1. Largest first, what is the accessible-area ranking of B:I75, A:I33 with a 1.4 Å probe?
2. How long are the three semi-axes of the equivalent ellipsoid of chain B, in whole Å, if each is the root of 5 times an eigenvalue of the C-alpha gyration tensor, listed from largest down?
3. Can you give the mean number of other chain Cβ atoms that lie within 10 Å of the Cβ atoms in peptide A:173-183?
4. Applying a 10 Å radius around every beta-carbon, put B:128-135, A:140-147, B:163-170 in order of their mean neighbour count, most first.
5. State the volume of the convex hull built on the alpha-carbon positions of segment A:116-160, expressed per residue in Å³ and rounded to an integer.
6. Tally up the carbon and sulfur contribution to the accessible surface of the protein assembly as shown as a whole percent, 1.4 Å probe, everything protein left in place.
7. Just to be sure I understand: if I project the alpha-carbon convex hull of segment A:142-186 onto a plane and average over all orientations, what area do I get in nm²?
8. Accessible area per residue of segment A:66-298 at 1.4 Å probe, in Å²?
Amino acid sequence: MQSKPRIGEPLYLYFLPAIAFVGVFLLASIGDIIYLSFHYFRLASPLQENGIFVGFQNYWNLLTDGRFQQSLLTTVLFGLASSAGTVLLGLAVALLANQSFKGNSFYVAIMVLPWAVANVVAGRQWSFLLQPGMGLANYFLFYLGIIADPLKFSALSTPLGAFSAIVVATIWKSTPFIALILLAGLQSIPRELYDASEVDGAGMFSKFRYITYPLLTPFVNIGLLFCGLGAMGSLDIVYIMTNGGPGTSTNIFPLFLYKTYFMAWDFGLGGAASVFLMIFTMITFFFLVRSLIKYVVRM
Amino acid sequence: MRRINLLEQKIRKILTVVGVLFTSCFFVAPYMVMVLASLSSADQLLLTPPNLLPIPPHFERYLAVAFSNEFGPTIINSLIVSSFATVTTLVITLPASYGVTRFRIKGRTSLLTLFIALMAFPSVGIIGYLYDLIRAIGLFDTTPGLILPYVAFNIAVSVWVLTNFFKAVPIEIEEAAALDGCSKMGILLRIVIPLIKPGLMAAALIVFINTWNEFVVALVLTITNRARTIPVGIASFQGIHETNWSETTTAAVIASLPVVVLAIFLRRWIISGLTAGAVKK
């Protein structure tokens, strides 16, 4: 019902509280981070220096900062590994859940578990599993022949091990959400297409290749974009498991951002890094909205 | 051709069973190991390989952790923060989502786009701003200081879920009520809300779990147990010398198991909420 507003009913009141909250706590921040990024703000330094306009100095410092460059590289690798793993596993789970078998609804129920578990808890859980001696994942890796000594092996204290560990923990945590989206996508494909192709003699693989794959692609894109946003914007699991270490091997961008603000207390540099993140998010979101509108909303 | 189909079905069945078992193990086993560890005695965990059959189960550690000075207050804080944030978010987004789907006013589409766009808003990007803002208004290290930003962060997802349920309500019902002289607010409260109860349920659950699990904003905006929430408590939960895994796993299970059980039982609403709009019916 697209009814005309009646006289005497102030319609803006319906939106006012939501807009007020969003405006004060989210949108105003964009102005603030831009302001911060052009000024000197180090909370640990003498007060009179703070608030001085420094032009593009913070941006220059950011772009030439080795820790920033390293964190971007790590984030790209982390994002690629975790999104590829998440989407592939999510696709497998969605295809499985779309089959009819006994306990199908139980299988879908299982998928809710990692989604409902907090990132912090997921991080603790995987750290525990990877403890030398007491961690069962170590024994699992030992029986597979990947590691030699479950009592001594400590995944989180080697760069490659720590990186793999945060990737696995992230895949564990984020796959169910992606799987649920892909499952919804699978269920939106009309049954008749498969029936018709069977009449034409299509097998399991050609049905996947010519029906499932093209019609599911928009949903896969949505999944990939969510994973990308997560890699750039979520630090919980990494903070808990490695805090960026050993060395800087897992210091992903959001962790670098957090440390710039609250360990170095450099709000000017932090502002510049935040602006960088906002621009990245807007570009990613542009693609997200485009694929949502192009394929999903009009469907 | 018939034989090929039978073979295909057989392969498909075997692949399904193997795949389901394998993925189920991957998603459930790591968490179950932690639950078992939380019930085992501290000595059992030190065996190599650890003996995780909790016989007898040690429930007393749950009480000890839940009522400890270090961890106990964070449970209360989390309950307060998540409940108030959920209720406030719903009260604010109900009229907004209703208006956005129903009123013919200027800027309606751009308003909806704005709300939805905020779903991608990276909270970690504005932790510096929130820190300054919440300090400036004197709410640093208080529960209201967390509730306010949490409401803002969850408006997007709540609007997303609710608008998709509002769209499914037949317009004719509302038109009939309008003809009978019902006001817009009256239509919303008396007719539409009862019809979208599943949507409210979905939005409430998702917002509650989001806020219950939120970490980085709570880490930045709290410093003592006056306002620290469970995830921050777990992050700082350490033994005196090194991580005390028997207590850490217990705290982690206390923090997650109630939400996990709730989510699994009410999964119908959560799944419909999460995938709402992804598929147009």
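1. Values: B:I75 35, A:I33 0 Å².
Order by accessible area, largest first: B:I75, A:I33.
2. They are 40, 32, 16 Å, listed largest first.
3. Numbers: counts 1, 0, 3, 2, 2, 0, 2, 6, 4, 2, 4.
Mean shielding by partner chains, rounded to a whole number: 2.
4. Values: B:128-135: 21.5, A:140-147: 12.5, B:163-170: 18.4.
Packing order, densest peptide first, comes out as B:128-135, B:163-170, A:140-147.
5. Numbers: hull volume 3.8 nm³, N = 45.
Dividing the Cα hull volume of segment A:116-160 by its residue count gives 83 Å³.
6. Working: 18270 of 26280 Å².
With neighbouring chains kept in place, the figure for the protein assembly as shown is 70 percent.
7. Details: hull surface 17.5 nm².
If I average the Cα hull's projected area over directions, I get 4.4 nm².
8. Details: 9530 Å² over 233 residues.
Accessible area per residue, segment A:66-298: 41 Å².
The values are calculated or read from the model by the stated rules, or taken from the named source; none is laboratory data. For clarity, every value in this text was computed on a predicted model and none was experimentally measured. With ideal geometry, Cβ positions are generated from the backbone for all residues, glycine too; neighbour counts draw on all protein chains shown. Accessible surface is based on the protein model in full, side chains and every heavy atom, while ligands, DNA and RNA are left aside. Shrake-Rupley method; radii C 1.70, N 1.55, O 1.52, S 1.80 Å.
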